[in-house]
1. Residue by residue through region 38-47, note down the ones that are out of contact with any helix residue (DSSP H, G or I) (no Cβ under 9 Å at 6 or more places or on another chain) and not in a loop (DSSP other than H, G, I, E, B).
2. Given (1) touching a strand residue (DSSP E or B) at 6+ places or on another chain (Cβ under 8 Å); (2) buried (at least 18 other Cβ atoms within 10 Å of the Cβ), where does residue 8 come up short, assuming only one miss?
3. What pairs come out if I take residues in region 128-143 that are modelled with pLDDT under 90 and pair them with residues that are surrounded by fewer than 19 Cβ atoms within 10 Å (Cβ to Cβ) and not in a helix (DSSP H, G or I) whose C-beta lies under 6 Å away, six or more apart or interchain?
4. Taking region 49-66 as the region of interest, how many residues are in contact (Cβ under 8 Å) with a residue 24 or more places away in the chain and in a strand (DSSP E or B)?
5. Would you call residue 122 touching a strand residue (DSSP E or B) at 6+ places or on another chain (Cβ under 9 Å) and modelled with pLDDT under 90?
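The values are calculated or read from the model by the stated rules, or taken from the named source; none is laboratory data. Quick caveat, the model's predicted, so the values are computed rather than measured. Every residue, glycine as well, gets a Cβ built from its backbone with ideal geometry; the counts of neighbours run over all protein chains shown.
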């Protein structure tokens, strides 16, 4: 299964790139994400709950980011597993600056196994597109919220010294340790272990299944403004038909 598309976000490319690399933002734009943990450099594990019928289930998965070219491009390698089957995929994200906005272009390919494979490629592809679109809308909202956040007032402590503290530097006093000649080089410190950060998204902040469904309906109506009138006409016809059949009885 292959999928690709684009989405325009009303924000500069640097801000969009920063959001795409913030675990707090990522956890809130993935539909149904309940937990996201950074387990290493550019590597994450998480749990998501998907409510769309074709691919419904709770998935545990891992994502690794490679080929990073800030703020232009990166590559995603993902794998997920649920009671319904397994999903392995590779995708790319590219950001293009355009008149103060950012065009996010995505593309990818996935392999599906288990019960999911019997659903049908067309259904899975349609559900995937819907989820991606709702995720990108959530990303745009997160970026807009960041841009609207008020800047903290006041002068930083680096610019304004605290009251009662003198800014006059005391004369340097040579210490006994620094004065003593070095006898041997200290062993090199080991590199720090990758930071492990975990974000547990509260239920009220999750992009929940019902929110995704409402978003899909709204998108459908926005793309097809005539659709509600067809539904209304169908309902009126149905009601009139039932009324006529009752009178004939």
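1. Initially, region 38-47 is screened for residues out of contact with any helix residue (DSSP H, G or I) (no Cβ under 9 Å at 6 or more places or on another chain), giving 39-43, 45, 47.
Within region 38-47, 39, 40, 43, 45, 47 meet the criteria.
2. Of the numbered conditions (1) touching a strand residue (DSSP E or B) at 6+ places or on another chain (Cβ under 8 Å); (2) buried (at least 18 other Cβ atoms within 10 Å of the Cβ), the odd one out for residue 8 is (2).
3. Once the first residue is modelled with pLDDT under 90 and sits in region 128-143, its partners that are surrounded by fewer than 19 Cβ atoms within 10 Å (Cβ to Cβ) and not in a helix (DSSP H, G or I) give 128/3.
4. The qualifying residues number 7.
5. Working: touching a strand residue (DSSP E or B) at 6+ places or on another chain (Cβ under 9 Å): no; modelled with pLDDT under 90: yes.
When the stated conditions are applied, residue 122 does not pass them.
The rows are residues; the columns are (1) surrounded by fewer than 16 Cβ atoms within 10 Å (Cβ to Cβ); (2) under 18 Å from the mean Cα position of the chain (by Cα).
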| site | (1), (2) |
| --- | --- |
| 101 | yes, no |
| 107 | yes, yes |
| 120 | yes, no |
| 135 | no, yes |
| 146 | yes, yes |
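So that you can scan it fast, the table gives a plain yes or no per residue for (1) over 24 Å from residue 10 (Cα atoms); (2) touching a helix residue (DSSP H, G or I) at 6+ places or on another chain (Cβ under 6 Å); (3) modelled with pLDDT under 95:
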| site | (1), (2), (3) |
| --- | --- |
| 21 | no, no, yes |
| 49 | yes, no, yes |
| 54 | yes, yes, yes |
| 61 | yes, no, yes |
| 71 | no, yes, no |
| 81 | yes, no, yes |
| 84 | yes, yes, yes |
| 94 | no, no, no |
